[in-house]
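The values are calculated or read from the model by the stated rules, or taken from the named source; none is laboratory data. Values in this document were obtained by computation on a predicted structure and should not be read as measured data. All Cβ positions, even for glycine, are placed from backbone atoms using ideal geometry, and neighbour counts span all protein chains on display.
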């Protein structure tokens, strides 16, 4: 198809589900998922990974803390305007430490396989 597609921000489809995260999907092909993630103020997601896929993201608004590593004791902070890369198989959870502001992140998942796998905790070995 030699066309230009537009998906309005108000027309996003249902994204893949992880507790604590709302994902709205704009586009999906065999090896790319382009979506918008939101996390309510003060909320955190369940533990998950993206399998063989690499996640590239841009923090559109808010403050994102990503917990990961043994016992979930490691974390990184990203703020509005920051770009993020999460390597394949990295078990993590999204935390919005700001109780008053919704977090909004634009995501591009690249690779093959299930886009999201929810797991019990950070020690889950994919």
Quiz item: How about region 100-115: which of its residues are in a strand (DSSP E or B) and under 12 Å from residue 51 (Cβ atoms)?
Solution: 109, 110
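Please tell me if residue 3 is surrounded by fewer than 14 Cβ atoms within 10 Å (Cβ to Cβ) and more than 14 Å from the chain's Cα centre (by Cα). Let's see the steps before the verdict.
Values: surrounded by fewer than 14 Cβ atoms within 10 Å (Cβ to Cβ): yes; more than 14 Å from the chain's Cα centre (by Cα): yes.
Answer is yes for this residue.
Would you say residue 95 is touching a residue at least 12 places away in the same chain (Cβ under 8 Å) and surrounded by fewer than 18 Cβ atoms within 10 Å (Cβ to Cβ)? Let's see the steps before the verdict.
Values: touching a residue at least 12 places away in the same chain (Cβ under 8 Å): yes; surrounded by fewer than 18 Cβ atoms within 10 Å (Cβ to Cβ): no.
For residue 95, the condition - touching a residue at least 12 places away in the same chain (Cβ under 8 Å) and surrounded by fewer than 18 Cβ atoms within 10 Å (Cβ to Cβ) - is not met.
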Exercise. Read through the list (1) more than 15 Å from residue 21 (Cβ to Cβ); (2) in contact with a helix residue (DSSP H, G or I) (Cβ under 9 Å, 6 or more places away or on another chain), then give the number of the only condition that residue 54 fails.
Key: (2)
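Residue check: is residue 93 over 14 Å from residue 107 (Cα atoms), assigned to a strand (DSSP E or B) and at pLDDT 95 or above? Break it down stepwise before answering.
Values: over 14 Å from residue 107 (Cα atoms): yes; assigned to a strand (DSSP E or B): yes; at pLDDT 95 or above: yes.
Judged against the criteria, residue 93 is a match.
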Practice problem: Run down 41, 62, 46 and say which single residue is crowded, with 18+ Cβ neighbours inside 10 Å and within 27 Å of residue 11 (Cβ to Cβ). | Solution: 62
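How about region 4-73: which strands (runs of 3 or more DSSP E) wholly inside it have at least 3 residues that are within 16 Å of residue 121 (Cβ to Cβ)?
Details: elements: 22-28, 32-39, 54-61, 63-68.
So the answer is 63-68.
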Self-check item: Filter pass, residue 27 being closer than 19 Å to residue 111 by Cα, surrounded by fewer than 20 Cβ atoms within 10 Å (Cβ to Cβ) and within 11 Å of the chain's Cα centre (by Cα)
Solution: no
Quiz item: With respect to the numbered conditions (1) without any contact (Cβ under 8 Å) to a residue 40 or more places away in the chain; (2) under 30 Å from residue 6 (Cα atoms), which one is the sole condition not fulfilled by residue 104?
Solution: (1)
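Please work out if residue 68 is under 15 Å from residue 20 (Cβ atoms) and surrounded by 15 or more Cβ atoms within 10 Å (Cβ to Cβ).
Details: under 15 Å from residue 20 (Cβ atoms): no; surrounded by 15 or more Cβ atoms within 10 Å (Cβ to Cβ): yes.
For residue 68, the condition - under 15 Å from residue 20 (Cβ atoms) and surrounded by 15 or more Cβ atoms within 10 Å (Cβ to Cβ) - is not met.
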